[in-house]
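Q: First, the structure itself, so that you have it in front of you.
The values are calculated or read from the model by the stated rules, or taken from the named source; none is laboratory data. These numbers were taken from a predicted model, which means no experiment stands behind them. Here Cβ is always computed from backbone atoms with ideal geometry, including for glycine, and neighbour counts include all displayed protein chains. SASA here: full protein model, heavy atoms, side chains in, ligands and nucleic acids out. Shrake-Rupley method; radii C 1.70, N 1.55, O 1.52, S 1.80 Å.
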Amino acid sequence: MSTLSSATIECNVSVNGIRFGVSELHITNQLVVSAGVSCERRVSHTGEVELLIGGAIYRVLDGRFVEATFPDHGAGRFLANINAVSVVSVFDWLGQQSDQVDLARFRISERLGIAYDYRNPDTGSYTVFAPGHWSGVLAGQGF
């Protein structure tokens with residue numbers, strides 16, 4: 001099993017050992033160079049740099065790491081380890097959080113910095129984000 005087949009999440013701090021706020025170069029050095037996997041780079045419609053690494057997407061905004069998205073379906077599924085707890089269903093786990101909200105087919109816990117995209121049940125994914133990064137979305141300013 002690849003080291004990138006799981007998402008080790010320290011809420012509001014890091015994902016797979018990558019701390020929120022580090023540079024794009026740091027991400028590529030730690031995940032691409034050291035793990036020996038390929039990286040595709042693109043820019044989203046919102047201006048975020050997206051680094052596609054080992055099936056996950058790491059996003060950088062204004063030169064700093066702000067979020068990562070992991071598939072939660074099929075052979076490319078990433079298992080979640082959240083604050084040292086293995087979570088079988090991120091969607092269900094988020095539903096148990098006291099601050100959980102459902103907005104535009106996303107289940108979100110801003111306190112934990114995790115959102116689950118369930119717009120298409122066959123291709124669900126979860127996104128781990130830096131503190132404050134989704135505050136505009138939650139305030140109704142859209143995606």
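Q: Counting other Cβ atoms within 10 Å of each Cβ, which trypsin sites (Lys or Arg not before Pro) in region 45-143 have at most 14 and sit in a DSSP loop?
A: R105, R111, R119
Q: Same structure, new question: Leaving ligands, DNA and RNA out of it, rank H45, H26 by accessible area with a 1.4 Å probe, largest first.
A: H45, H26
Q: Rounded, prolate or oblate: which one fits region 69-134, using the alpha carbon gyration tensor with axes a ≥ b ≥ c (rounded when a/c is under 1.5, else prolate when a/b beats b/c, else oblate)?
A: oblate
Q: Counting only protein heavy atoms, what percent of the accessible surface of the chain is carbon or sulfur at a 1.4 Å probe?
A: 52
Q: Between H26 and N81, what is the label-point separation in nm under the 7 Å Cα-to-beta-carbon projection?
A: 2.1
Q: Roughly speaking, what is the stretch gain from A104 to V43, that is 0.36 nm per residue apart minus the C-alpha to C-alpha distance, in nm to one decimal?
A: 19.7 nm
Q: Quick check for you: with a 1.4 Å probe and neighbouring chains kept, what is the accessible area per residue of the chain, in Å²?
A: 51
Q: Given springs between every Cα pair under 10 Å in a Gaussian network model of the chain, which of G54, G76, G36 has the largest fluctuation?
A: Checking each option, the largest mean-square fluctuation is seen for G36.
Q: Which value in nm describes the separation of the simple spin-label points at Q96 and R111, placed 7 Å from the Cα toward the beta carbon?
A: 1.4
Q: In addition: Taking the chain as a Gaussian network, where each spring joins two C-alpha atoms under 10 Å apart, which residue of S109, S89, S125 fluctuates the most?
A: S89
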